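Trainee: Below is one structure. I have some questions about it.
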Amino acid sequence: MSEIKTVGVIGAGQMGAGIAHVVALAGYGVQLHDISRERIDAGLAIIEKNMARQVGRGIIDDAAMKAALARISPAEGLEAVGATDLAIEAATENEEVKKSIFRGLQPHLGPNTLLASNTSSISITRLASATDRPERFIGLHFMNPVPLMKLVEIIRGIATDVPTYETAVSFAKSLGKITSNAEDFPAFIVNRVLVPMINEAIYTLYEGVGTVDAIDTAMKLGANHPMGPLELGDFIGLDTVLSIMNVLHEGLADSKYRPCPLLVKYVEAGWLGKKTGRGFYDYRGEVPVPTR
């Protein structure tokens, strides 16, 4: 097994910032990279805000927060990421974007650097094929929000070797996470079950079976879900929901995974959920209001 001391995180958005947050709190040095310094700084601000919230709730103390923040370094180039023991890609859920990142990272990699993707649906085997080390490539699918959610799905590609898998499991557990093994099939376990449920809720809205409020209330009170499926879709990002449904539909060739036309329409409108201010709810006021 490889020893992990330093971790590179590529992508300083919601997921990348969350991963950097928990990795730094666990005592690892972190190199945080994105396409611009502005995006890196925005990610660092998210991390500091979320750690401060943990301090306020008594989950960590102020000293732990300061020590963790000091372990995170902005990496404007990929050279610093390539020099780490483990590089985790946490970019947008687009296969070509992810492959392009790994190709760009390759010239800077140390001989023993492990590679991981936080993809929530895309084939680990295909992503690994874009690198020079498919045997040292693995899927580490963190759940959102990373600091709160306990699960990490571990996904092996066809070439992933045993030491890489064992190192990945040990690393995830060192972060205080619980691991679940998933085979390299479209959307793995969590999103194979969860995202089609959200898509079906959108069909229920599309067909006029219920309103946004009725559907979410029914699932919260009738199935004891902490969040309704339409609200959850907005939280995940409707563009991500659509990407995962497309991966399922194309990868499994089953009509039950056809993305709902209303989901497509919302994404085309740029109504992607909470991050853009509008999705199935309008978040621009003091209280979210259904948009249908």
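Rule-based calculations on the coordinates, nothing more; no lab input. Bear in mind the structure is a predicted one, so any value in this text is a computation, not a measurement. Neighbour counts run over all protein chains shown; Cβ positions are idealised from the backbone, glycine included.
Trainee: Can you tell me the relative contact order of the range 159-280? Whole percent, Cα pairs under 8 Å, sequence separation 6 or more.
Mentor: 23 percent
Trainee: Which whole-angstrom value gives the distance between the alpha carbon centres of the range 223-292 and the range 1-36?
Mentor: Distance between centres, Cα-based: 28 Å.
Trainee: Given the convex hull of the Cα atoms of the range 1-137, what is a quarter of its surface area in nm²?
Mentor: With every direction weighted equally, the projected area is 8.0 nm².
Trainee: Then there is this: Taking the chain as the reference, fit the longest principal axis to its C-alpha atoms, fit the long axis of helix 37-56 to the helix C-alpha atoms, and give the angle between the two in degrees, 0 to 90, nearest 10.
Mentor: Helix 37-56 sits roughly 80 degrees off the main axis of the chain.
Trainee: Calculate the dipole size of the range 1-155 relative to its Cα centre from +1 charges on Lys and Arg beta carbons and -1 charges on Asp and Glu beta carbons; express the result in debye to the nearest 20.
Mentor: Taking the Cα centre of the range 1-155 as origin, the dipole is about 220 debye.
Trainee: Report, ordered by chain and residue number, the lysines lying within cross-link reach of Lys98, taken as a straight Cα distance under 28 Å and ignoring same-chain residues fewer than 8 apart.
Mentor: Cα-Cα hits under 28 Å: Lys5, Lys49, Lys150, Lys173, Lys177, Lys256, Lys265, Lys274, Lys275.
Trainee: Another question, then. For the chain, what is the convex hull volume of its Cα atoms per residue in Å³?
Mentor: About 133 Å³ per residue, rounded to a whole number.
Trainee: OK, next. Order these peptides, 126-134, 158-166, by their mean beta-carbon neighbour count within 10 angstrom, highest first.
Mentor: Most protected by this proxy first, the peptides run 126-134, 158-166.
Trainee: Kirkwood Rh, Cα Rg: Rg to Rh for the range 206-292?
Mentor: 0.98
Trainee: Turning to a different aspect of this structure: Relative to the longest principal axis of the C-alpha atoms of the chain, give the angle of the C-alpha long axis of helix 212-222, reported between 0 and 90° and rounded to the nearest 10°.
Mentor: Relative to the chain, helix 212-222 is tipped by roughly 70 degrees.
Trainee: Rounding to the nearest 10 and keeping the result within 0 to 90°, find how far the Cα-based axis of helix 14-25 lies from the longest principal axis of the chain.
Mentor: 40 degrees
Trainee: Projecting each Cα onto the charge dipole of the range 240-292 (Lys/Arg +1, Asp/Glu -1 at the beta carbon, about the Cα centre), which of Pro290, Ala269, Phe280 comes out farthest on the positive side?
Mentor: Pro290
Trainee: Go through the range 234-244 residue by residue and turn each phi into a ³J(HN,Hα) via Karplus (6.51, -1.76, 1.60, θ = phi - 60°); whole Hz please, and just put x for glycine and proline.
Mentor: 4, 5, 5, x, 5, 5, 5, 4, 5, 4, 5
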